[in-house]
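Worksheet: one structure, shown below.
The values are calculated or read from the model by the stated rules, or taken from the named source; none is laboratory data. Computed from a predicted model, the values in this text were never measured in an experiment. Methodologically, a virtual Cβ is constructed for each residue, glycine included, from the backbone with ideal geometry; neighbour enumeration extends over all protein chains shown. Each accessible area value is taken on the protein alone, full model and side chains, heavy atoms only, with ligands, DNA and RNA left out. Shrake-Rupley method; radii C 1.70, N 1.55, O 1.52, S 1.80 Å.
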Amino acid sequence: MIAIIDYDAGNLKSVEKALDFLGEKTCITRNPDEILAADKVILPGVGSFGDAMGKLHQYGLCEVIHQVTDRRIPFLGICLGLQLLFAGSEESPGVPGLGILPGEIVRIPDAPGLKIPHIGWNSLEIKEGTRLFKGIGDGSYVYFVHSYYLKAQEADMVAATTQYGTCIHAAVERENVFACQFHPEKSSSIGLQILKNFAEIS
């Protein structure tokens with residue numbers, strides 16, 4: 001069973017639909033017992049950092065997410081779900097994030113001709129040997145929607161990067177914690193393979 005955390009942050013159904021297509025059993029829930037009993041947990045999300053952290057606190061989910069990662073249950077953050085794993089974001093100054101991974105979330109820098117938010121398909125430079133990208137070729141395209149991006153503090157946890165006005169750390173993995181800034185559930189066959197890889201992690 002893969003638990004998809006429900007904290008009113010959108011794109012839950014599209015993640016559920018993609019996993020259903022892969023034959024994975026899922027549940028959309030904010031029940032701590034259901035989340036902690038799951039084989040794997042996904043934190044999706046679209047929206048603002050501050051509002052999302054407010055909802056996680058409102059529903060008592062911050063402690064649950066820490067328990068999931070402490071128990072080494074495979075965990076995947078998607079888009080805003082990646083950003084929430086870090087200490088904070090320039091989008092919401094003074095609002096602490098979950099602080100599970102080291103790094104900072106900053107705004108994509110303005111540049112001539114560069115549209116922000118970044119919406120569309122970009123190719124990935126994938127690090128060899130990553131579990132999330134097993135069987136996926138370097139240069140594969142995935143779908144992004146974001147104005148803020150991750151600058152990871154530790155280079156060895158960066159699983160993939162992309163270029164959009166700057167070098168964006170597009171995916172990370174460290175022990176049981178995985179996250180991607182792009183939307184695998186909206187990234188066609190490549191995204192489905194990424195979700196399949198996550199579902200098969202033991």
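Can you name the residue in the stretch 165-184 that is more than 11 Å from the chain's Cα centre (by Cα) and within 18 Å of Gln83 (Cβ to Cβ) and, of all such residues, is modelled with the lowest pLDDT?
Only one residue fits best here, namely Gly165.
Mind checking whether some residue in the stretch 71-83 is open to solvent by 30 Å² or more (accessible area, probe 1.4 Å), without any contact (Cβ under 8 Å) to a residue 60 or more places away in the chain, assigned to a strand (DSSP E or B) and more than 25 Å from Tyr148 (Cα to Cα)?
No: zero hits.
Suppose we filter the stretch 128-152 for residues that are of a type in the set (S, T, N, Q) and under 18 Å from Leu80 (Cα atoms); how many remain?
First, pick out the residues of the stretch 128-152 that are of a type in the set (S, T, N, Q): 130, 140, 147.
This time we only want the ones that are under 18 Å from Leu80 (Cα atoms), so: 147.
The qualifying residues number 1.
Given the criterion open to solvent by 20 Å² or more (accessible area, probe 1.4 Å) and out of contact with any Lys or Arg (no Cβ under 9 Å at 6 or more places or on another chain), identify the matching residue among Glu154, Glu128. Step through it out loud before you land on a result.
On the way: Glu154 fails: out of contact with any Lys or Arg (no Cβ under 9 Å at 6 or more places or on another chain).
Residue meeting the stated conditions: Glu128.
Looking at Ile28, Ile5, can you tell me which residue is surrounded by 15 or more Cβ atoms within 10 Å (Cβ to Cβ) and over 14 Å from the mean Cα position of the chain (by Cα)?
Ile28
With respect to Ile119, is the statement that it is open to solvent by less than 90 Å² (accessible area, probe 1.4 Å) and in contact with a strand residue (DSSP E or B) (Cβ under 8 Å, 6 or more places away or on another chain) true?
Numbers: open to solvent by less than 90 Å² (accessible area, probe 1.4 Å): no; in contact with a strand residue (DSSP E or B) (Cβ under 8 Å, 6 or more places away or on another chain): yes.
Judged against the criteria, Ile119 is not a match.
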